[in-house]
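Asks: Pasting a structure below so you can have a look.
The values are calculated or read from the model by the stated rules, or taken from the named source; none is laboratory data. Owing to the predicted nature of the structure, the values given are computational and were not obtained by experimental measurement. Please note: Cβ atoms are built from the backbone with ideal geometry, for glycine as well, and neighbour counts cover all protein chains shown.
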Amino acid sequence: MSTIDTTLPPQPTGAAATFAAAHAAPHPLQLYGGWFCPFVQRAWIVLAEKHIPHQYVEINPYRKEPEFLALNPRGLVPTLVVDLPSSSSSSSLSSSAGGKEEATTTTKKKKTLYESTVICEFLDEAYADEQAHGPRLLPAGDGPAAAYERARCRLWINHIVTRVVPAFYRLLQHTPQKEYGIEEARAGLLDGLKAFAREMLDARARDGDGDAGGDGKEGPWFLGDRFSLVDVMLAPWAKRLFLIDHYKPGGVGIPKKGERGEDEEVWARWDRWFDAVVERESVKATWSDEARYIEAYKRYAEDTTQSEVGQATRQGRSLP
Ligand SMILES: N[C@@H](CCC(=O)N[C@@H](CS)C(=O)NCC(=O)O)C(=O)O
């Protein structure tokens, strides 16, 4: 077993270091993360978006420390230790600040969650008070129309999870020794991104809204004016696309304006989403110095990573 993945720089840098430092104090809601990890960044973005008080705990998930495996048997970050009122009491968590309750909770096994998509949905639902935490990230509401909109969000989250993210690693881990060509790998990623952009265009055409005045100023997000969990799920890989440009001949290969043929409109929609998402405060706040990512992802680019995602990609298996 290689130890290479345990040599990562141990702490976030840049804006992410500031954000982590602001959430270093002990708190019952804890995010166990690694600064380099895009799955962690999803959960981090939700915490930032919703101003959720929490403690950020930086760990190296490749070390598989027993204390970490006790929280998450899968041994992956993000892992969330949740902050719930104890079942014997309906009062809020602050009641456990001193005295008896604390003595009992410390002996209990902690409640945890893992899987970035599950964590993000949980945080959105558990911290639903819009006064304190802003608009829901998965649109709430009763009735079939609201249910459909949520289902459509989940469908495109599924597209990101099962199509875009695996294609990102397949291209990043491509080497000349592979049995598949780099053009095929690039087409896989481009197709995933294009389908996402096309859905944003199609949704607008279907609903006939969003640009009622025809002034072209409707919102850039997946849901138009409204930032949602769909944007959260793809944002970390959007931020990391530059790694493919850095490491792979031909890069991501999104065609330039004016050279996009029949896809001109689709790629223009992608550009608008991309430009907005990389500038979103919560996305920037959870981002370290670019040079650190270049360093951390070298082992992916060289296809020597021992990470579970890297191994699954190498073996053509679905991602953990
Ligand atoms: N499906 C998981 C994937 C999480 C994941 O793979 N995290 C990586 C870091 S980016 C990890 O913990 N890797 C540890 C390892 O591969 O041993 C999720 O969405 O949370």
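Asks: Pairs please, first residue from the stretch 113-124 and in the same structural domain as residue 41 (by TED's automatic domain parsing), second anywhere and assigned to a strand (DSSP E or B) and more than 9 Å from the ligand (Cβ to nearest atom), Cβ atoms under 6 Å, 6+ apart in sequence or on different chains.
Replies: The qualifying pairs are 113/80; 119/80; 119/113; 122/113.
Asks: Okay, moving on. Kindly evaluate residue 151 against the criterion of being surrounded by fewer than 20 Cβ atoms within 10 Å (Cβ to Cβ), aliphatic (A, V, I, L, M) and not assigned by TED's automatic domain parsing to the domain that holds residue 304.
Replies: Details: surrounded by fewer than 20 Cβ atoms within 10 Å (Cβ to Cβ): yes; aliphatic (A, V, I, L, M): yes; not assigned by TED's automatic domain parsing to the domain that holds residue 304: no.
So residue 151 fails the test.
Asks: Within the stretch 285-300, identify whether any single residue is among the small types (Gly, Ala, Ser), assigned by TED's automatic domain parsing to the domain that holds residue 178 and under 22 Å from residue 190 (Cβ atoms), and answer yes or no. Please lay out each step first, then the result.
Replies: Here is the first cut: in the stretch 285-300, the ones among the small types (Gly, Ala, Ser) are 285, 288, 291, 296.
The next check asks that each one be assigned by TED's automatic domain parsing to the domain that holds residue 178; those that pass are 285, 288, 291, 296.
Those still in the list that are under 22 Å from residue 190 (Cβ atoms) too: none.
No, the conditions are met nowhere in the stretch 285-300.
Asks: Would you tally the residues in the stretch 167-182 being more than 19 Å from residue 242 (Cβ to Cβ) and either surrounded by 22 or more Cβ atoms within 10 Å (Cβ to Cβ) or in contact with a Gly (Cβ under 8 Å, 6 or more places away or on another chain) (or both)? Before you say what the answer is, go through the steps one by one.
Replies: Initial filter on the stretch 167-182 (more than 19 Å from residue 242 (Cβ to Cβ)): 175-181.
Restricting the remaining residues to those that are either surrounded by 22 or more Cβ atoms within 10 Å (Cβ to Cβ) or in contact with a Gly (Cβ under 8 Å, 6 or more places away or on another chain) (or both) gives none.
Looking only at that region, the number is 0.
Asks: Shifting gears a bit: Might you check whether a residue that is in the same structural domain as residue 164 (by TED's automatic domain parsing), surrounded by fewer than 18 Cβ atoms within 10 Å (Cβ to Cβ) and more than 23 Å from residue 203 (Cβ to Cβ) occurs anywhere in the stretch 226-234? Spell out how you get there, then give the answer.
Replies: Kept after step one, since they are in the same structural domain as residue 164 (by TED's automatic domain parsing), are these residues of the stretch 226-234: 226-234.
Pick out the ones that are also surrounded by fewer than 18 Cβ atoms within 10 Å (Cβ to Cβ) and you get 226.
Now narrow it down to the ones that are more than 23 Å from residue 203 (Cβ to Cβ): none.
There is no residue in the stretch 226-234 that is in the same structural domain as residue 164 (by TED's automatic domain parsing), surrounded by fewer than 18 Cβ atoms within 10 Å (Cβ to Cβ) and more than 23 Å from residue 203 (Cβ to Cβ).
Asks: Any residue at all in the stretch 265-275 that is surrounded by fewer than 17 Cβ atoms within 10 Å (Cβ to Cβ), assigned to a helix (DSSP H, G or I) and in contact (Cβ under 8 Å) with a residue 60 or more places away in the chain?
Replies: Filtering the stretch 265-275 for residues surrounded by fewer than 17 Cβ atoms within 10 Å (Cβ to Cβ) gives 265, 268, 271, 275.
Applying the additional criterion that residues be assigned to a helix (DSSP H, G or I) yields 265, 268, 271, 275.
Next, from what is left, pick out any that are in contact (Cβ under 8 Å) with a residue 60 or more places away in the chain: 265.
Checked against the condition, which is being surrounded by fewer than 17 Cβ atoms within 10 Å (Cβ to Cβ), assigned to a helix (DSSP H, G or I) and in contact (Cβ under 8 Å) with a residue 60 or more places away in the chain, the stretch 265-275 yields at least one hit.
Asks: OK, next. Filter the stretch 115-162 down to the residues that are outside any helix (DSSP H, G or I), away from the ligand (no atom under 16 Å from the Cβ) and more than 20 Å from residue 199 (Cα to Cα) and list them by number.
Replies: 127, 128, 129, 134, 135, 136, 140, 141, 142, listed by residue number.
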